[in-house]
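Working notes, structure below.
The values are calculated or read from the model by the stated rules, or taken from the named source; none is laboratory data. Predicted, not measured: the structure shown is a model, and the values here were computed from it. For neighbour counting, all protein chains shown are included, and Cβ atoms are generated from backbone atoms with ideal geometry for every residue, glycine included.
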Amino acid sequence: MKPLEDVRIISLEQYGAGPFGSVHLADLGAEVIKIEDPRVGGDVGRYVPPYFSGEDSLFFETFNRNKRSLSLDLSTPAGREVFEELVKVSDVVYSNLRGDVPAKIGITYDQLKHLNPAIVCCSLTGFGMTGPRQKEPGYDYVLQGLAGWMDLTGEPDGPPTKSGLSLVDFSGGYVAALSLLAGLHAARRDGVGMDCDVSLYDTAMGMLTYPATWHLNAGYTPTRTRHSAHPSLVPFQAFEAKDGWFVVGCAKEKFWARLADVVGHPEWAEAGSPYGDFSGRQQRQAELVAQLEEIFKQRTVDEWLGELYPASVPCGPINDVPAALREEHTIARNLVVETEHPHYGTVKQVASPVRVGTEPPTYRRAPQRNEDFGWVMDDVLGLDAERVARLTEDGAFGDQPGSGA
C-alpha cells in the first residue's frame, strides 16, 4: 500500500495554495475528492491562461493529479445531504477559503462532529479564522508585501520585488498538509477530531525566521542586499562572470579557505588576514566583494565552476527554468513525470519532492470536472439509483457534465 492509501480527504479547494497542499497527499496515495461548485464551473484553476482549452488547463493539471472530482452544490439542501454522507465516511475535510467562510458554510469541527467525531477540519485561509483581517481575501502577492518579503527582495536601489514563484501559496500548502497529517494522527489515536486553522499570513510571518528574531531581540532591521548577498555570511551571493552569473557561498571557514585558494589568494584565509574569519569578512564586505567581482569577471561561468566544484566550494550556475529542467540531477532524481491527458496528450510536469520509502509514486492525470460522480455515488457512498435520481432532481449536483443532470 501507498503511505496514505487508507486516508480519505474531502477537499473544498480551488486555484493554487489549497490544491498544491493536497496534491502531495494524493501522490502519497490519499483519496482526495475535490468538491467542485457547478454554479461557477468548478475550480477556477481550470480556466487559468495562457494554456487552457475549455475546462482543461495546464495550471489545473499541475495541482490536481491523482485526485477525484465531484460536482456538488453545497448551497442546496440536497447538496448538503451528499456532503454530510461523505463526512461520515471520510477522515478529513480540507478547504482553502476566506477566513469567515468555513463557519458560514458549516465545515468546522463543531458543525460536523455529530456526523463523525473523528473528522479533522483543516482550513487554509488567507488570514486565519480569527483576528481583524479574518474576512479579507488573501493572495500570495498581497501576503508577500504585507509580511515584509517584498521589502527584502530585489536590489537595494530597486523597487520592492515579489519572489519569482508564489512561495507564500506553496509554503502555505505544505503547512496545511503538515497540519492535516498531525491532526489526523491525533484523531486516530484519540478518536476525536479538531479544527486546523492554517493561514497564508501565519505562514509568511513564520518564514521571516532569524531576521525576525534578530529584530525582536537586537533591533536589527533587515534590508535588501546587493546581488542577493546573504545578510551575514561573506561571500555568499551572486557573482557575474564573463558570460553570465553564478552563486558562490562560504557558510563555513573551510569553504572560504578553498575559495581563496581557487581565486589565487590563499593568504586571504590565513591567520592574521583581515579576511581570515567571518567577522572580518563581514566588516570589510564592500572591499572584499569588489576584489572578488573583478576576479570572477575574467573567466566564464563554466570555467569557474570547473574549478570550484572539484575544490568542494558551494556554488552553482544561475539557470533559467528550461536549464533547471534539463539539469542531469533533475533527470536522475526523476523529477519530471508524465501523465496522459485526453486533450493535451502526454503532459510533463515536476514531481512532488515528498519522498516516503523506496516505492516510486505513480501519477494519474487531473480529473475532468465531475468525472468521478459514479464512483463516489456507488463505491464511496453506496447510494441506490433511486436516491441518486432524487438528489439529482433536487439540484445536489447542479447542471454540469457527468451527473446525468
For segment 119-178, how many residues meet the condition of being of a type outside the set (Lys, Arg), part of a loop (DSSP other than H, G, I, E, B) and at negative phi?
-> 24
Inside segment 154-186, the number of residues satisfying the requirement of being among the polar types (S, T, N, Q) and crowded, with 18+ Cβ neighbours inside 10 Å is 3
Single residue of segment 207-227 satisfying the filter (surrounded by 11 or more Cβ atoms within 10 Å (Cβ to Cβ) and touching a residue at least 24 places away in the same chain (Cβ under 8 Å)) that is nearest to Thr108 (Cα to Cα) | Met207
Filter result for the condition that a residue is within 25 Å of Leu58 (Cα to Cα) and touching a residue at least 24 places away in the same chain (Cβ under 8 Å), over Glu359, Glu307, Glu340, Glu327 = Glu340
How many residues are within 15 Å of the chain's Cα centre (by Cα) and either of a type in the set (Lys, Arg) or part of a helix (DSSP H, G or I) (or both) if we restrict to segment 179-198?
-> 2
In segment 344-362, how many residues are of a type in the set (D, E, K, R) and either modelled with pLDDT of 95 or more or crowded, with 19+ Cβ neighbours inside 10 Å (or both)?
-> 1
Which of the residues belonging to segment 47-85 are surrounded by 18 or more Cβ atoms within 10 Å (Cβ to Cβ), touching a residue at least 60 places away in the same chain (Cβ under 8 Å), under 24 Å from Gly345 (Cα atoms) and hydroxyl-bearing (Ser, Thr, Tyr)?
-> Thr62, Ser69
Give segment 250-284 a look and list any residue that's in contact with a Leu (Cβ under 7 Å, 6 or more places away or on another chain), within 16 Å of Glu307 (Cβ to Cβ) and outside any loop (DSSP other than H, G, I, E, B), or say none.
-> Val262
Answer with yes or no whether Arg281 is closer than 14 Å to Pro235 by Cβ and touching a residue at least 40 places away in the same chain (Cβ under 8 Å).
-> yes
What are the residues in segment 363-389 that are surrounded by fewer than 18 Cβ atoms within 10 Å (Cβ to Cβ) and either small (Gly, Ala, Ser) or without any contact (Cβ under 8 Å) to a residue 40 or more places away in the chain (or both), if any?
-> Gly374, Asp378, Asp379, Gly382, Asp384, Ala385, Glu386, Arg387, Ala389
Here the residues within segment 30-46 that are touching a residue at least 12 places away in the same chain (Cβ under 8 Å), farther than 10 Å from Arg369 by Cβ and surrounded by fewer than 19 Cβ atoms within 10 Å (Cβ to Cβ) are Arg39, Val44
Give just the number: which of (1) among the polar types (S, T, N, Q); (2) in contact with a helix residue (DSSP H, G or I) (Cβ under 9 Å, 6 or more places away or on another chain); (3) surrounded by fewer than 15 Cβ atoms within 10 Å (Cβ to Cβ) does Thr330 not satisfy?
-> (3)
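Taking the condition of being of a type in the set (D, E, K, R) and at positive phi, how many residues in segment 268-284 meet it?
Selection size over segment 268-284: 0.
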